[in-house]
Amino acid sequence: MSRQSLARGLATGLLAAVLLQATPSAAQSAPKVRNKADFAGVARDFQQQRAANSEGCCSFSTPVFDRNVSFRLFDTFEPVYEAKNERQMILEFVPQGATVESWTRMITLSAFGGAGSSPVSTAEMQARFFNTSQGCQQANFSRVIASGRTSDGTEFNLSSNGCGSIAAGGYPGATSGRGEQFLALLLRDAQNVVVLQYAERGEGFAPGGEPIGDEAVKAVMGRFRSIGFCRTQTPSDDCSIAFDAR
């Protein structure tokens, strides 16, 4: 399940550590993997939808444990990689024509069964996941932009994270000096944790000079429109989160 991404390395490794604290260690089955070729039909459908109505395209949803996660795939993003077993999953999206090795923008959906029952607070969980200097040549950053709870009890935490200069060996295939920033929406119910990330990487940047300033984070996440984390949805059970895209 290895991929080239600081964001993936931070979230996956540290979430797994919290998961092991929350539940007894148990054997996990080998992940079921789907690659770009397996998503060819989905990608083709999205491309046809965009050609007909770019503003209306493209709704995406997938089952995650006992929930359904849904959001809008904006621009030309399409799924290219998935790996999952009974306790973890990761699903990656890149713009049409990009790859999971050469991406400059990526959307990642990760899920971790059992991590929601960890005794640590959601704020501490966010800090453990993303506030680490591992993989960075200079001090990284991790700032909470918004947090709260939906009416169905789901806690959420939106943060801006990354580092302006990645170290060689920071993750497999890392290019020294490249900058990477990722916005992470952490969703937590009583059992599980789901993280929706939008990441950009490219030229290195100085502290405070990240590509997406704090004032723009909600607008970027607003491009997902309504982000659903739902079992069933009724007018009195709002299980979605939306940020202002203006």
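The values are calculated or read from the model by the stated rules, or taken from the named source; none is laboratory data. Bear in mind the structure is a predicted one, so any value in this text is a computation, not a measurement. Backbone-built Cβ (ideal geometry, glycine too); neighbour counts: all protein chains shown. Please note that ligands, DNA and RNA were not included when accessible areas were found on the heavy atoms of the full protein model with its side chains. Shrake-Rupley method; radii C 1.70, N 1.55, O 1.52, S 1.80 Å.
Report ³J(HN,Hα) in whole Hz for each residue of segment 141-153, in order, from the Karplus equation J = 6.51 cos²θ - 1.76 cosθ + 1.60 where θ = phi - 60°; Gly and Pro get x.
Per residue, the Karplus-derived 3J(HN,Hα) values read 10, 7, 10, 6, 9, 7, 8, x, 8, 7, 5, 8, x Hz.
Rounded to the nearest 500 deg cm²/dmol, what is the calculated helix-only ellipticity per residue at 222 nm for the chain, with -39500 (n - 2.57) per DSSP H run of length n ≥ 4?
Using -39500 (n - 2.57) per qualifying helix, the result is -5500 deg cm²/dmol.
Ignoring ligands, DNA and RNA, what percent of the 1.4 Å accessible area of segment 38-99 is carbon and sulfur?
Carbon and sulfur together cover 47 percent of it.
Any idea what the dipole of the chain comes to, in debye rounded to 20, about its Cα centre with Lys/Arg Cβ at +1 and Asp/Glu Cβ at -1?
Approximately 300 debye in magnitude.
If you plug each phi of segment 216-230 into the Karplus form 6.51 cos²θ - 1.76 cosθ + 1.60 with θ = phi - 60°, what whole-Hz ³J(HN,Hα) values come out, in order, with x for Gly and Pro?
Running phi through 6.51 cos²θ - 1.76 cosθ + 1.60 with θ = phi - 60° gives 9, 4, 5, 5, 5, 5, x, 5, 6, 6, 6, 9, x, 9, 10 Hz.
Quick query: amide H of A245 versus all other amide H atoms, modeled in the peptide plane; which residues come in under 5 Å with a sequence gap of 5 or more or a different chain?
Residues meeting the amide H criterion: none.
Quick one: what are the phi-derived ³J(HN,Hα) couplings along segment 99-110, Karplus 6.51/-1.76/1.60 with θ = phi - 60°, whole Hz, x for glycine and proline?
10, 6, 8, 10, 5, 10, 9, 8, 10, 10, 10, 10
In the set [x] 19.0; [y] 20.9; [z] 18.4, which value of Kirkwood radius over Cα pairs in Å was calculated from the structure you see?
So the calculated entry is the one marked [z].
Compute the accessible area per residue over the chain, keeping the other protein chains in place, probe 1.4 Å, unit Å².
43 Å²
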